[in-house]
Amino acid sequence: MQEKCELVIILGDVTDTEPTRELEAQNMRQIAQVLNASELEALCVMGNHDAFVFTPDEFYGLLGEKYRPRTIQRNGANLLFLDACYFHTGIHYAPGDSEWTDTFYPYADDLKNTLSALTGDVYVFMHQNIDPEVRADHCLCNASQIRGILENAGNVKAVYQGHYHPGHETCCNGICYITLPAMCQNENACRIIQIP
Ligand SMILES: [Fe+2]
């Protein structure tokens, strides 16, 4: 708020440290209280830990539907959010699952169409990684396919990601891949970005 940010984007994994779902739900309600009290617009993508505890409807039911990501425009640019909490089979993670290294974005054709329909620069936000330099077990099974779609679209400027706790940055074929360090290791690991 002091920095006069217009929008807070949470890159996922806000849950999964508690022994019961009820405690996780209590934590989610507390997060919702903090977000609601800030009066800042915010969007929150789901991480693998979130999807291993709650379905998307349960997650946004607790947090608040207004925090469910959707494509938005800022200063002539588009902010696009991808949910990669899918197994390579195309099935979404569900409560009780735990295999975080099997991660996949199943809507490649839709992504291609979406990007070609957008005018202006595009900034992508997702929990898991497609940075070619990040450890493969943190990356989507189809990371190279998704990178190719983003590169061919010609309008994607940057991809912001979480999931890989140390964080990393790579610029490759015209797109910067920025992985923010995990806040469970450094609670100040956030970044203020300017969308031109
Ligand atoms: Fe994660």
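A short reminder: the numbers here are calculations on the coordinates, not readings from a lab. Worth saying up front: this structure is predicted, and the values here are computed from it rather than measured. No Cβ is skipped: glycine too gets one built from the backbone with ideal geometry, and neighbour counts run over all protein chains shown.
Observations
- Counting charges near residue 35 (Lys, Arg +1; Asp, Glu -1) among other residues having Cβ under 12 Å from its Cβ returns a value of 0.
- Beta bridges per DSSP with both ends in the chain, % antiparallel, nearest 5: 35
- Rounded to the nearest whole Hz, the Karplus-based 3J(HN,Hα) values (6.51 cos²θ - 1.76 cosθ + 1.60, θ = phi - 60°) of the range 42-49 follow the sequence 9, 10, 10, 7, 8, x, 4, 4, with x at glycine and proline.
- 3J(HN,Hα) along the range 184-190, derived from phi through the Karplus expression 6.51 cos²θ - 1.76 cosθ + 1.60 where θ = phi - 60°, amounts to 6, 9, 8, 5, 9, 7, 10 Hz, with x in place of Gly and Pro.
- Extension gain, residue 21 back to residue 165 (0.36 nm per residue minus Cα-Cα distance, nm): 49.5 nm
- Each stretch of four or more DSSP H residues adds -39500 (n - 2.57); spread over every residue of the chain, this sum gives -7500 deg cm²/dmol at 222 nm.
- Cα pair distances exceeding 30 angstrom across the range 7-179, given as percent: 15
- Neighbours of residue 65, meaning other residues whose beta-carbon lies under 14 angstrom from its beta-carbon, give a summed charge of 0 when Lys and Arg score +1 and Asp and Glu score -1.
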